[in-house]
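All of the numbers you see were taken from the coordinates with simple rules; none came from a lab. The model shown is predicted, which means the values in this text are computed figures rather than measured ones. For neighbour counting, all protein chains shown are included, and Cβ atoms are generated from backbone atoms with ideal geometry for every residue, glycine included.
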Amino acid sequence: MLQQVKNILSTLKSGFLVLALLFLIQNDIFPQISLDSYVEAGSNAVSEGVYGDLSAQIEGRTGSFYTAVGGLLSFSNARENVLSAFLFTAANDFRLKTNIISLQGFYLWKPLSLDMQETNFGLLAKYKLEHFGFQLGMNSRFYNFTRSAILQYNFADSINTTMWEPFNAMYRISYFQQFTEKMGFEAAVTNFDRYIIQQETNPMILAGLNYKLNPALKFYTELGYMQAGLLNLHVNAFGVYLRGGVVWQIN
């Protein structure tokens with residue numbers, strides 16, 4: 001428990017340091033800064049009951065270029081680590097006639113346990129029409145034992161402690177409907193979410209509402225279902241979750 005508290009405090013401290021840094025350089029580099037945070041509750045085949053997540057992501061934008069850093073804290077009977085993900089993205093918008101194409105690169109790190117971690121590098125292209133949105137890309141994923149695990153279990157040099165998935169396709173097809181000037185709806189079929197990338201055969205179904213209170217503040221809620229996929233075992237993380245969050249345009 002003490003170690004978990006230390007992990008939480010360390011994560012919060014890092015988040016505040018990043019936020020302070022963005023504020024210090026915002027006038028010169030990032031004139032637009034926003035904070036996206038949500039809480040989530042759900043259950044899946046590996047959570048051993050209901051889990052809870054807390055996410056915070058800070059985005060800085062200048063012109064067509066933007067970058068973001070985010071982290072996820074997870075509370076579950078099945079997890080050893082409270083810090084469950086760290087995400088860094090950098091992207092640029094390009095105009096195609098009257099529409100915008102966004103090209104994004106990302107780095108996603110997930111400590112799966114005290115002994116094993118997952119690292120992802122990927123690229124995504126995003127294109128949005130009035131009612132439909134499309135994202136297509138790929139990621140390369142590594143699973144590896146941590147240095148402490150290698151020392152603890154005294155792995156021989158001949159043992160490969162890293163597994164590499166060189167290519168995994170990523171896709172998202174979304175439908176948008178604006179009910180009023182302030183309220184909108186989105187439904188999507190995808191194999192990835194904020195901090196999770198499924199195999200191509202493991203699509204997720206997402207649906208959510210958003211409400212724009214004013215130009216600086218937007219609230220949203222999402223319901224997600226991750227299906228088991230074709231011939232998957234019980235250990236795959238399929239299940240449901242409910243998410244509620246806020247996007248705050250700081251300046």
Which whole-Hz couplings ³J(HN,Hα) result when phi for each residue of segment 83-93 is put into the Karplus expression 6.51 cos²θ - 1.76 cosθ + 1.60, θ = phi - 60°, listed in order with x for Gly and Pro? 6, 10, 6, 9, 10, 10, 10, 9, 8, 9, 8
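Among residues other than ALA85 whose Cβ falls under 10 Å from its Cβ, what is the net charge (Lys/Arg +1, Asp/Glu -1)?
Numbers: positive: LYS110, ARG194; negative: ASP53, GLU118.
Taking every Cβ under 10 Å from that of ALA85, the sum is 0.
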Where in segment 70-155 are there GluC sites (Glu not before Pro) that are in a DSSP coil and have at most 11 other Cβ atoms within 10 angstrom of their Cβ? GLU130
Using only the alpha-carbon atoms of segment 73-143, report the extent along each of the three principal axes, biggest first, to the nearest angstrom. 49, 23, 15
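Is there a pair in LYS110/LYS218; LYS110/LYS182; LYS97/LYS126 whose C-alpha atoms are over 26 Å apart, and which pairs would that be?
Values: LYS110/LYS218 28 Å; LYS110/LYS182 35 Å; LYS97/LYS126 15 Å.
Those over the limit are LYS110/LYS218; LYS110/LYS182.
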